[in-house]
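These notes are about the structure you will find just below.
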Amino acid sequence: MPRSALRLFAALSAALALSVSLAACGDSPKKDTAVPAADGRPDLSGVTLTLGDQANGLQTLLTAAGTLKGAPYKVKWAEFQGAAPLFQAMQSGQVDTGTAADLPTLQAISGGLKIKLVAAATSNGAGTAIIARPGSPVKTVQDLKGKDVVVSSAKGSIAEYLLAKVLTDAGLKYSDVHVQYLLPTAAQAAFNAGKIQTWATFGIYQDIAVQKGARIVVDGRDGRTSGVGFISAAQSSVADPARKAAIADFLNRLSAAYTWTTAHADEYAHVFSQKNGVPADVARTVVSQGASALQPVSPDITAKVQGVSDLMHRIGSLPTGVQVAGTADTSLYPHSPAK
C-alpha cells in the first residue's frame with residue numbers, strides 16, 4: 001500500500017473510531033451530589049461512572065469475575081479500539097477512567113490531558129510485539145532498516161515504544177525505518193490482505209495474527225518494554241468527592257477481579273473467547289499475557305516508567321517530558337471499600 005494511502009487510511013480510521021466511541025459514551029459525566037451516610041461515607045447511589053476500556057479488556061475481566069455485582073453506584077462502559085481515542089474522550093469529559101499502557105498514557109499527559117495515575121498493573125511484556133507476515137524477509141530487528149513498519153494504534157502507543165527501544169538497542173535510529181500509524185482493526189485488515197508486511201501491535205490483535213501464521217520478530221519481554229499499564233482518572237472526576245469515592249471502590253473491585261483470575265484462568269479465558277468472538281487458544285494466550293494483580297502507583301513503578309518517558313522525549317515522540325511521579329494519586333488505591 002502506498003504511504004500516502006496509508007496516511008489517508010489512518011486518518012479516516014481514527015475519525016470513524018472516535019465518532020463511534022464518543023457516541024457510545026453518551027452525555028458527559030455530571031457532578032454527583034452525594035449525601036453522607038450515617039458513618040460519614042458518601043451515598044453513591046446517584047453516581048454513574050463511565051469507564052473507558054480497550055477491546056473489552058476490563059469489561060470482560062470484571063464480567064467473568066463478577067466483582068462489580070452489588071456496587072453502590074451505576075457503571076457505564078465506553079469501548080475504544082486504542083488508547084488515543086479513549087484519551088480524546090477523557091479530554092472532552094466523556095469518560096471518568098481509562099486503561100492504557102505506559103507510553104499512551106504519557107503521550108496524553110505530555111499533550112496536556114489532565115489525568116491522575118491511580119493504579120497500575122504489570123505484565124512480562126509478551127503482549128506487545130513486532131510481527132511479520134509469513135515469508136517476509138524481516139527476521140531480526142536489523143532487517144527492519146529501510147522498511148515500512150505500521151504501528152498500532154497511534155503515535156505514542158506501547159507498540160511504538162517497543163519499536164523505538166529495539167532499534168536503539170540494535171544501534172539503529174528511529175529514522176532508519178518508515179513508520180505509519182493505523183488503528184488496530186484497520187491494520188489487521190491490511191496485514192491479512194498482504195498490504196503491509198511488518199506490524200508493531202499488541203494484545204488480541206497480535207495473538208490473532210500469530211494464530212494465523214504471522215511470525216514474531218521481537219516482543220516486549222526481557223525489559224524491552226516496562227510491562228506497566230495504568231488506570232488513570234480524569235482530574236475533574238477525582239476532584240468530585242462522590243465520584244472519587246466510587247472510583248476508589250471500583251479499583252478495589254478490579255483488584256478482586258485480578259485475584260479471581262489467578263485461580264480461574266480457564267474460566268476467564270472461556271468468557272474472553274465468548275465475549276470477544278475469538279478462538280479458545282487465542283483467548284488463553286491473551287489471558288496468559290495479561291497482568292495478574294492491581295498495584296499501587298509506587299515509586300518503583302514511576303521510576304520504571306520514567307525511563308520510557310525519557311527515551312521517547314529524547315527521540316521526539318513525546319512533545320514534552322513527563323515527570324511521572326508527579327502525576328500519581330495514591331489516595332484512591334488501595335482504599336477502604338465503599339459501603
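Quick notes
- Gyration tensor verdict on the stretch 192-339 (Cα atoms; rounded if a/c is under 1.5, prolate if a/b is larger than b/c, oblate otherwise): oblate
- Entries in Lys147/Lys212; Lys74/Lys155; Lys145/Lys212; Lys173/Lys304 that, when Cα-Cα distance is taken, lie over 28 Å: Lys74/Lys155
- The chain, helix-only ellipticity at 222 nm - DSSP H runs n ≥ 4, -39,500 (n - 2.57), divided by all residues, nearest 500: -13500 deg cm²/dmol
- Between the stretch 149-215 and the stretch 57-99, the C-alpha centres lie 25 angstrom from each other.
- Mean projected area of the convex hull spanned by the Cα atoms of the chain, taken over all viewing directions: 16.1 nm².
- The stretch 260-311 and the stretch 104-135 have Cα centres separated by 12 Å.
- Fraction of beta bridges assigned by DSSP in the stretch 128-219 that are antiparallel (%, nearest 5): 60
- Counting all C-alpha pairs of the stretch 119-163, share separated by more than 15 Å (%): 53
- Relative contact order computed over the stretch 128-219 (Cα-Cα under 8 Å; 6+ residues apart), in percent: 50
- Highest average first, the peptides 52-60, 131-139, 143-151 ordered by how many other beta carbon atoms sit within 10 Å of their residues are 52-60, 143-151, 131-139.
- Translational diffusion coefficient (Stokes-Einstein; Kirkwood radius from C-alpha pairs) of the stretch 176-276 at 37 °C, 0.692 mPa s, in µm²/s: 190
- For the stretch 128-219, the Cα-based Rg and Dmax, in that order, read 11.5, 32 Å.
- Bridge type composition, the chain - antiparallel percent by DSSP, nearest 5: 60
- Kirkwood-based shape ratio for the stretch 161-206, expressed as Rg/Rh from alpha carbons: 1.01
- Under 13 Å from Lys114, Cα to Cα: aspartates and glutamates that are on another chain or at least 8 residues apart: Asp96, Asp329
- For a straight C-alpha distance cut-off of 12 angstrom, the aspartates and glutamates reachable from Lys195 (same-chain residues fewer than eight places away being disregarded) are Asp148.
- Annotation: lysines with alpha-carbon distance below 21 angstrom to Lys69 (same-chain offsets under eight excluded): Lys244, Lys275, Lys339.
- Averaging the sequence gap over all C-alpha pairs within less than 8 Å and six or more residues apart, then dividing by the number of residues, gives the stretch 230-292 a relative contact order of 25 percent.
- The stretch 63-218: translational diffusion in µm²/s, Stokes-Einstein, Kirkwood Rh over Cα pairs, 25 °C, 0.890 mPa s: 145
- Dipole of the stretch 240-297 [Lys/Arg +1, Asp/Glu -1 at C-beta], most positive-end residue of Ser288, Ala265, Ala246: Ala246
- Net charge dipole size for the chain [Lys, Arg +1 and Asp, Glu -1 on Cβ; Debye, nearest 20]: 560
Laboratory data are not the source of any read-out in this text; all were calculated from the coordinates shown. None of these values were measured; they are calculated from a predicted model. Note: ideal-geometry Cβ built from the backbone for every residue, glycine included; neighbour counts use all protein chains shown.
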